[in-house]
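Structure first, commentary second.
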Amino acid sequence: MPRPLTAAVAAALTALLLAACVPERAQITPSDDSVPTSIPSTTASSGLDVYDQTVDWSACGVLECATIQVPVDWTDPTGPTTDLAINRSAATDPANRIGSLLINPGGPGGSGLDLTEYFVRSAGEDLLAAYDVIGFDPRGVGQSSPLQCGDADVIDTYYLTDLVLDTEGAIEDARQATVDFAAGCRELSGPLIENVDTTSAARDMDVIRALLGDDELYYLGFSYGTQLGATYAALYPENVGRMVLDGAVDFLLDGEQVAIEQAEGFERSLGNFAEWCLASAEDCPLTGTVDQAKAQVKEIALHARDSGYQNSDGDRVNGNELVYGIVVTLYDEGSWPYLSAALQEVADRGTADIFFQLANFYLDKDSSSGEYLSNSMWSFTAIGCLDGPVSEPTTVDSLADFTAQISQASPTFGWWFAGSLGCDGWPWEAKEPVTSLDATADAAPILVVGTTNDPATPYSWAESLTERLGDATLLTYDGEGHTAYGRSNQCIIDAVDGYLVDGEMPVSGTTC
């Protein structure tokens, strides 16, 4: 499924597509296309209590940066450790500082280090005065001993190959591809690949909290970051301070239900785009009714899958790339003109260069070199598959049933959602998964923020997650796009800052 795009990347796309609107990311794959051979650094078992270490800050541009140690395997808390990279933007009013605010951009696989500099340019002044803003790359991500899974060709083959899973043989080949891909990740990443689950990342956050000297965790998480925050609240309810979860992921829902509801979300957002395009855009490339316009988009996507389009360099743009290019523009209505331009290019010239650029932006991939600029794609898979419930192996019949359901929910994208086995074949699962949020009844009140037309994390997930949390209030942004804080309106900023800074929870039912 489309990954919940990180708040920083979505906002950067809106501000200026393909420009350097977020801090430069670490280059993960070597520029010479060689396969990394070193396993992410770990320290040998030494009986270290990770709560008993010192944070050594140093300047890194306008921020401060540090690296701490956390256990590779939290079931062996004094065993080998791995690096966790953090950064800090100090409170602008240190005399009235409340504490440290951890932020997470989502993904899973999004870089919190990247988010910090963007966040301090968009957050409310009261919040920045009251808190040190703390970004971190979760275990296995970015600069925190990053997972490795191979060079760009290996990644492209696994993620971008168009699959038609209509026979048992095709399904078995896809399952074996996942088995082989996971084995390559294990060879290059070591045991860390088996321990990047959300529970482990949440335990890492408690180490950060303690080392920063806070008795409680103050936290703002976007998209998948809401799952991370809710997991923390279930593990450490007594340590929860003021917590805001924006763009909620209800991770306790059934996996097929999650996929169907997300497909519905993107279908709805595409319809809203089509309505805007037909009514407002100059030279809209779509015609007829909204349903007819969506059918035209589907036809273009299927042509990409079956025949492909060319970009300006003569490279083939396939179905996966074209759909990635579509969905990335649906995370924010400010990006709709790029989708209109991409569709216009296909209509006028029969090429898909803009779609190619958009897809690479979503994939965090350099369009010129073909290199991946971060490890967010395979981190997304490793984290999500560890967290996901173990399901029965896919068969032709079970996939056909799922295809029928999701195609009804999303006529445009259903075929694409059904073109993958998901985590079928992934060999590991989380050792200590959180399967209930009942323990959050003992946590401080939590603020959940939901956007009514959020395609990646549908509003219904914000409603259901709010109900699962012990004492939670739902704040609604009535609008388009993924997440709300920092990209919607002043009403949302005032409500979130009012809680984080002054402890004033918005009135239940508040809509901005």
Ignoring ligands, DNA and RNA, please state the percent of accessible area on region 192-328 from carbon and sulfur, probe 1.4 Å. 39
If I histogram all Cα-Cα distances within region 290-340 using bins 5 Å wide from 0, what percent of pairs lands in each bin? 5, 20, 23, 27, 18, 6, 1
Amide H to amide H under 5 Å from R242: which residues, 5+ apart in sequence or cross-chain, H placed 1.01 Å off N in plane? Y219
I need the Kirkwood Rh of region 384-433: take the reciprocal of the average 1/r across all distinct C-alpha pairs and report it in angstrom. 12.1
Whole-Hz Karplus ³J(HN,Hα) for region 288-294, in order, using 6.51 cos²θ - 1.76 cosθ + 1.60 and θ = phi - 60°, x for Gly and Pro? x, 7, 4, 5, 5, 5, 5
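For region 78-204, what's the relative contact order in percent, using C-alpha pairs closer than 8 Å and at least 6 residues apart?
About 26 percent, as a whole number.
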Whichever aspartates and glutamates have a C-alpha closer than 15 Å to that of K294, once near sequence neighbours (fewer than 8 apart) are set aside: E264, E267, E275
Using only the Cα atoms of region 149-296, what are the Rg and Dmax in Å? 21.6, 60
Average projected area of the Cα convex hull of region 311-454, in nm²? 12.6
Ignoring ligands, DNA and RNA, what accessible area per residue does the chain give at 1.4 Å, in Å²? 38
Tell me, Kirkwood radius of region 415-512 from alpha-carbon pair distances, in Å? 15.5
Within region 129-151, backbone nitrogen closer than 12 Å to the virtual label 7 Å beyond the Cα of T67 toward Cβ: 143-146
The convex hull of the Cα atoms of region 395-464, divided by residue count, gives a volume in Å³ per residue of 143
Any idea what diffusion coefficient the chain gets from Stokes-Einstein, in µm²/s, Kirkwood Rh on alpha carbon pairs, 25 °C, 0.890 mPa s? 106
Residues with beta-carbon under 10 Å from that of N239, excluding N239: net charge, scoring Lys, Arg +1 and Asp, Glu -1? -4
Two decimals is fine: what's Rg over Rh for region 76-200, C-alpha atoms, Kirkwood radius as Rh? 1.13
Relative to the chain, whose Cα atoms define the longest principal axis, helix 224-235 and its Cα axis are tilted in degrees, nearest 10, by 40
Express the relative contact order of the chain as a whole percentage, based on alpha carbon pairs under 8 Å and six or more residues apart in sequence. 19
Using each residue's phi in region 480-492, evaluate 6.51 cos²θ - 1.76 cosθ + 1.60 at θ = phi - 60° and report the 3J(HN,Hα) Karplus result to the nearest Hz, with x for Gly and Pro. 9, x, 9, 6, 10, 5, x, 9, 10, 8, 5, 4, 5
Normalised contact order of region 362-453, rounded percent, pairs of Cα under 8 Å and 6 or more residues apart: 24
Phi to ³J(HN,Hα) by Karplus 6.51 cos²θ - 1.76 cosθ + 1.60 over region 387-400, Hz, x for Gly, Pro: 6, x, x, 5, 10, 5, x, 6, 10, 4, 5, 5, 5, 5
Let me understand region 341-426 better: what is its radius of gyration from the alpha carbons, and its Dmax, in angstrom? 16.8, 46
Across bins of 10 angstrom width beginning at 0, how are the C-alpha pair distances of region 256-297 distributed, in whole percent? 31, 45, 19, 5
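In the neighborhood of L220, defined by Cβ-to-Cβ distances under 12 Å, what is the net charge if each Lys or Arg adds +1 and each Asp or Glu adds -1?
Values: positive: R242; negative: D246, D497.
Local charge sum for L220: -1.
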Long-range amide H partners of G99, meaning residues 5 or more apart or on another chain whose placed amide H is closer than 5 Å, are D132
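The values are calculated or read from the model by the stated rules, or taken from the named source; none is laboratory data. Being a predicted model, the structure only gives us computed values, none of them experimental. Glycine gets a Cβ as well: all are built from the backbone with ideal geometry, and neighbour counts include every protein chain shown. SASA here: full protein model, heavy atoms, side chains in, ligands and nucleic acids out. Shrake-Rupley method; radii C 1.70, N 1.55, O 1.52, S 1.80 Å.
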